[in-house]
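The values are calculated or read from the model by the stated rules, or taken from the named source; none is laboratory data. Predicted model, so just to flag it, every value in this text is computed and none were measured. No Cβ is skipped: glycine too gets one built from the backbone with ideal geometry, and neighbour counts run over all protein chains shown.
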Amino acid sequence: MPYALCFLLFMIGLYCVVVKKNMVKIVIGIMVMEYAVNLFLIMLGYRTDGIAPIIDKAQFDPETRQIAASFVNSSVDPLPQALVLTAIVISLGSLALMISICIRTYGKYGTFDITEIRRLKG
Amino acid sequence: MSIPLPVFVAIPLVTAFLLPTFGKKGKAAATVIANLVTVSLLVLAVVSIIQLSSGDDPMTVYKIGKWPIPRGINLVLDGLSALLLVAIGVVATAAMLFSARYMEQYTAKAKYLSLFLLMVAGMNGVVLSGDIFNLFVFLEIASLASYALVGFGCEHEELEASFKYMVLGSVGSIFILFAVGLVYGNTGTLNMAYISQAIQNAGRLNPGLGFALALFIVGFGLKAALVPFHAWLPDAHPSAPAPISAMLSGILIKALGVYALARVVFNVFGVSLPIGWLLLVLGLLSMVAGAFLAIGQWDLKRLMAYSSISQIGYVVLGIGLGAILIARGDNLAWASLAILGGLFHLVNHAVYKSLLFLTSGSVEMSTGTRQLRQMGGLAEKLPFTRATCTVASASIVGIPPFSGFWSKLILVIAAIQAHFYWVAAIIVFISLCTLIMYLKVQRYVFLGELPEHLQQAEENKGPMLVAMVFLACLCVLMGLLVLVPGLRNSILEPAVRVLTDGLTYAAAVTGT
């Protein structure tokens with residue numbers, strides 16, 4: 001069920017990119033898609049009542065060099081969180097570039113409406 | 001001693017962040033340094049391909065920080081990566097040399113140089129990465145740099161093209177990230193070799209992985225501008241400064257699109273009949289639609305951009321044909337011939353299309369226009385540009401002995417041997433359309449009456465000329481890559497084997 005809602009969020013973003021005529025709204029649509037994917041990645045590693053994936057003394061038995069089974073069974077997967085951190089940094093960079101291009105375009109054309117910004121065709 | 005693979009990413013990346021500190025006074029120094037970087041990357045790439053072909057191992061695996069895979073990130077250099085590295089090196093060297101003079105007409109040259117090197121770093125990373133998330137990160141580095149470079153002039157058209165490119169490119173990137181997430185969720189690893197093993201052990205694709213493969217094809221298809229996803233290319237490539245158009249059309253769409261697609265389909269997911277047919281159809285559509293749209297254009301660079309779509313179709317067609325034959329289990333010799341044709345066409349196209357865009361930049365710089373109707377008779381005014389443009393046109397059309405002839409010949413032979421006669425017929429027919437396109441360029445730019453306002457046009461000297469002549473010489477000599485068996489066995493064959501042997505990639509990476 002959460003996956004379906006996440007996919008719905010993704011589709012809302014895609015709809016917004018495809019249908020909207022305002023440049024800023026298109027940028028918002030792209031960001032909604034981006035966040036839907038980030039949410040999806042986080043959900044991949046999520047566990048109900050999970051614990052942080054850090055081994056401390058209580059979970060590690062130095063004599064047998066074994067990690068407690070409860071740790072393996074309940075810790076969340078840290079890798080998707082690392083992926084999401086990277087993806088957020090990348091999307092911040094692309095958002096900054098997109099917004100600055102929007103601002104420069106507004107300066108040139110005086111509008112955000114993409115139906116009026118059409119010098120290139122053919 | 002083998003070259004440590006991270007230098008291919010580290011050198012341009014470090015230089016890219018140093019160059020903007022030079023400021024206005026250090027512009028000349030920044031240009032020299034940037035040129036040194038691209039030349040040294042080319043030399044390193046050539047050295048690495050020689051080492052790879054003379055050594056016994058089919059690939060070099062570099063584990064970053066000595067972390068064992070799949071916990072750490074690895075870089076993999078095999079035949080296909082090495083081929084792409086050399087192609088990136090050649091195009092980047094020529095385009096950088098050309099920029100040394102061409103970019104004097106723009107402000108903020110140091111920023112341009114650093115964005116250029118950032119793009120090169122991203123592309124080198126994409127072709128070397130053995131980790132699928134890392135591939136996404138490098139792909140985004142290269143794409144973001146290219147979005148900014150397309151809008152570098154900050155005029156009406158450039159901003160519009162940049163925005164369009166950026167929206168479609170970002171959607172493509174998000175699709176790829178989504179697919180990476182799905183793959184991780186289904187296989188529990190991000191290393192391409194381990195993903196491949198997990199898929200082989202499962203025996204078949206489950207729905208999640210199937211959806212991921214579809215998303216990969218759409219995402220990389222958007223980056224490669226295959227026909228249903230091509231809308232951004234004819235706007236973005238002409239709007240960029242000429243050396244950047246050469247980089248984008250010459251190599252970016254191949255490194256980010258075709259290479260990544262081939263790597264994911266052949267080495268990670270494994271080929272199947274439907275995927276092969278899909279690639280073949282996408283290739284044919286791109287070939288036909290690109291060629292027909294190009295003939296009607298009157299803007300020089302826009303014509304060349306549409307022709308890029310058509311040419312990328314040839315590459316994907318060759319690879320798709322190979323995939324069909326492998327999946328059917330037919331005679332593998334014809335499959336590897338088809339893939340050889342596709343990959344050889346990829347390298348050829350990198351050289352001649354970047355040369356064509358450089359000559360278009362030279363014409364634009366001399367005349368101040370890109371409209372074919374406003375030009376004419378420039379053959380006397382621009383003799384070198386004319387000569388190099390003719391060589392490139394002859395190559396792209398496929399006139400022997402220039403490079404394009406050999407790759408198209410191989411594709412036609414492979415199609416006939418595999419009993420795809422209609423494919424062979426379409427390849428020949430689209431070659432004729434390409435001939436019409438470039439005859440139109442020659443006719444309207446270099447022949448005919450010289451208009452009054454172009455009497456003062458002058459040939460561009462110095463580095464621009466060197467860059468164009470360098471690429472023109474390559475166009476003439478590239479045929480040797482298939483004709484001399486020694487060169488073919490050491491450069492093209494290893495790249496073909498990477499794709500035909502497909503799933504042995506996983507065993508080779510994990511075994512070492």
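The table for this structure:
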{"read-out": "Condition broken by B:GLY361, with the remaining ones in (1) assigned to a loop (DSSP other than H, G, I, E, B); (2) at pLDDT 90 or above satisfied", "value": "(1)"}
{"read-out": "Residue check, B:TYR62 aromatic (Phe, Trp, Tyr), in a helix (DSSP H, G or I) and either within 20 Å of the chain's Cα centre (by Cα) or at pLDDT below 90 (or both)", "value": "no"}
{"read-out": "Selected residue (only one of B:LEU177, B:LEU168 is closer than 30 Å to B:GLN297 by Cα and either more than 18 Å from the chain's Cα centre (by Cα) or surrounded by 23 or more Cβ atoms within 10 Å (Cβ to Cβ) (or both))", "value": "B:LEU168"}
{"read-out": "Residue among B:SER407, B:SER431 that is in contact with a His (Cβ under 9 Å, 6 or more places away or on another chain) and under 20 Å from B:LEU337 (Cα atoms)", "value": "B:SER407"}
{"read-out": "Selection within segment B:168-182 - free of Cβ contacts under 8 Å to residues at least 60 places away in the same chain and either out of contact with any Phe, Trp or Tyr (no Cβ under 8 Å at 6 or more places or on another chain) or more than 7 Å from every other protein chain (Cβ to nearest Cβ) (or both)", "value": "B:SER170, B:VAL171, B:GLY172, B:SER173, B:ILE174, B:PHE175, B:ILE176, B:ALA179, B:VAL180, B:LEU182"}
{"read-out": "Candidates B:ALA225, B:ALA260, B:ALA242, B:ALA246, filtered to the one that is closer than 30 Å to B:GLN200 by Cβ and either more than 14 Å from chain A (Cβ to nearest Cβ) or at pLDDT below 90 (or both)", "value": "B:ALA260"}
{"read-out": "In segment B:361-420, the residues that are closer than 19 Å to B:GLU452 by Cα and either touching a Cys at 6+ places or on another chain (Cβ under 7 Å) or without any contact (Cβ under 8 Å) to a residue 60 or more places away in the chain (or both)", "value": "B:GLY368, B:THR369"}
{"read-out": "B:VAL482 being surrounded by fewer than 16 Cβ atoms within 10 Å (Cβ to Cβ) and β-branched (Val, Ile, Thr)", "value": "no"}
{"read-out": "Candidate set from segment B:196-217 (those that are under 13 Å from B:ILE275 (Cβ atoms) and surrounded by fewer than 17 Cβ atoms within 10 Å (Cβ to Cβ)); member that is modelled with the lowest pLDDT", "value": "B:LEU205"}
{"read-out": "Filtered residue count, segment A:1-45, keeping only those that are more than 10 Å from chain B (Cβ to nearest Cβ) and either of a type in the set (Lys, Arg) or without any contact (Cβ under 8 Å) to a residue 12 or more places away in the chain (or both)", "value": "9"}
{"read-out": "Filter result for the condition that a residue is closer than 18 Å to A:MET98 by Cβ, among the aliphatic types (A, V, I, L, M) and over 16 Å from the mean Cα position of the chain (by Cα), over B:LEU115, B:LEU97, B:LEU75", "value": "B:LEU115"}
{"read-out": "Hey, B:LEU18 modelled with pLDDT of 90 or more and either under 24 Å from the mean Cα position of the chain (by Cα) or among the acidic types (Asp, Glu) (or both) or not", "value": "no"}
{"read-out": "Residues (among the hydroxyl-bearing types (Ser, Thr, Tyr) and more than 7 Å from every other protein chain (Cβ to nearest Cβ)) located in segment A:95-108", "value": "A:SER100, A:TYR106"}
{"read-out": "Which numbered condition A:THR115 fails, given (1) among the hydroxyl-bearing types (Ser, Thr, Tyr); (2) more than 7 Å from chain B (Cβ to nearest Cβ); (3) more than 21 Å from A:VAL18 (Cα to Cα)", "value": "(3)"}
{"read-out": "Failed condition for A:LEU92, given (1) farther than 23 Å from B:ALA145 by Cβ; (2) exposed (fewer than 13 other Cβ atoms within 10 Å of the Cβ); (3) more than 9 Å from chain B (Cβ to nearest Cβ)", "value": "(1)"}
{"read-out": "Test: residue in segment B:310-330 that is of a type in the set (A, V, I, L, M, F, W, C), surrounded by fewer than 20 Cβ atoms within 10 Å (Cβ to Cβ), away from chain A (no Cβ under 14 Å) and touching a residue at least 40 places away in the same chain (Cβ under 8 Å)", "value": "yes"}
{"read-out": "Residue satisfying all of: in segment B:444-465; within 28 Å of the chain's Cα centre (by Cα) and loosely packed, with under 15 Cβ neighbours inside 10 Å; nearest to B:ALA28 (Cα to Cα) among these", "value": "B:GLY462"}
{"read-out": "Residue match in segment B:244-262 (condition: buried (at least 24 other Cβ atoms within 10 Å of the Cβ) and over 17 Å from the mean Cα position of the chain (by Cα))", "value": "no"}
{"read-out": "Residues being assigned to a helix (DSSP H, G or I) and more than 9 Å from chain A (Cβ to nearest Cβ) - total across segment B:183-206", "value": "14"}
{"read-out": "Residue pairs meeting the criteria (Cβ under 7 Å; at least 6 apart or on separate chains; first of a type in the set (A, V, I, L, M, F, W, C), in segment A:46-70; second assigned to a helix (DSSP H, G or I) and surrounded by 13 or more Cβ atoms within 10 Å (Cβ to Cβ))", "value": "A:ILE51/A:SER74; A:ILE55/A:PHE71; A:ILE67/A:GLN59; A:ALA68/A:GLN59"}
